[in-house]
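Have a look at the structure below, then the notes.
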C-alpha cells in the first residue's frame, strides 16, 4: 500500500496543476516554479516533477534544461493547425452527440448560454474561456466515443491561451453556441455538425486575418536606420 502513496500524490499534483493552467493562472510562455508549486500543494518536488512530465507529454508545458519549466505558448502556425484538426473532430462529436445527449445535458447547456450572454456583454475573456470549455465538454461527454473525447479535451486545453485573443468575434462565437444547442434540440445531426465546424472556421478566419495583418505591417515597416 505504501507504494501507492507517491502515485496518488503525483495524480493529485497533475490534476491540480492542470486545473491551474485551465484557470489561466499562468500566462503563455511563463515559467512554472517547481519549488513554489510544491509548497503551495503541500508536497515534495518529486510528485510535482512527475506531474510535469505528464503535462509535457500532453504538450502543455516544456522543460528546458538549466532554465526551468515553461507553459507552452501557442504559435500562430500551431493555432491554425490545431483549429483545422479541431473543426473535423468537433463536427464528428456533434454528429454523434445528437443521438445520445440527454435533455438534462441540454438544459445545462442552455443555462450556460444565459451566463455566456452576460459574459460576452462584459467582454470577460477569462470567464468566457471557462464557460466555453464547459460548454464544449458537454458535447464531448455526449459523443459516446472515449478516444474522440480524450483527443478533443487535449486539443481544447492547448487552445486555451489563444482564447484570450478572440474579443473581436466573441458575439459571433456566442451565436454559434446558440445554433449548436438548437441543432442538438432538433436532433439534427447534419445541422449540428455544420454549426460546430462553422464555429471553428470562424476562429480560423480570424487567425488568417491576423496573419495577413501581421504580414502587411511587416511589409510596410521601414528598414531599421532609414527615414520614413
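The values are calculated or read from the model by the stated rules, or taken from the named source; none is laboratory data. For clarity, every value in this text was computed on a predicted model and none was experimentally measured. Positions of Cβ are generated from backbone atoms using ideal geometry, with glycine treated the same way; all protein chains shown enter the neighbour counts.
Residue by residue, here is whether (1) under 19 Å from the mean Cα position of the chain (by Cα); (2) over 18 Å from residue 181 (Cβ atoms); (3) assigned by TED's automatic domain parsing to the domain that holds residue 29; (4) without any contact (Cβ under 8 Å) to a residue 12 or more places away in the chain holds:
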| residue | (1), (2), (3), (4) |
| --- | --- |
| 84 | yes, yes, no, no |
| 97 | no, no, no, no |
| 105 | no, no, no, no |
| 114 | no, no, no, yes |
| 124 | yes, yes, no, yes |
| 137 | yes, no, no, no |
| 146 | yes, yes, no, yes |
| 155 | yes, yes, no, no |
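Of the candidates 17, 21, 48, the single residue that is touching a residue at least 60 places away in the same chain (Cβ under 8 Å), outside any loop (DSSP other than H, G, I, E, B), surrounded by 13 or more Cβ atoms within 10 Å (Cβ to Cβ) and at negative phi is 21.
May I ask you to say which residue of 187, 182, 149 is in a loop (DSSP other than H, G, I, E, B), under 14 Å from residue 139 (Cα atoms) and modelled with pLDDT of 95 or more?
Values: 182 fails: in a loop (DSSP other than H, G, I, E, B); 149 fails: in a loop (DSSP other than H, G, I, E, B).
After applying the criteria, what remains is 187.
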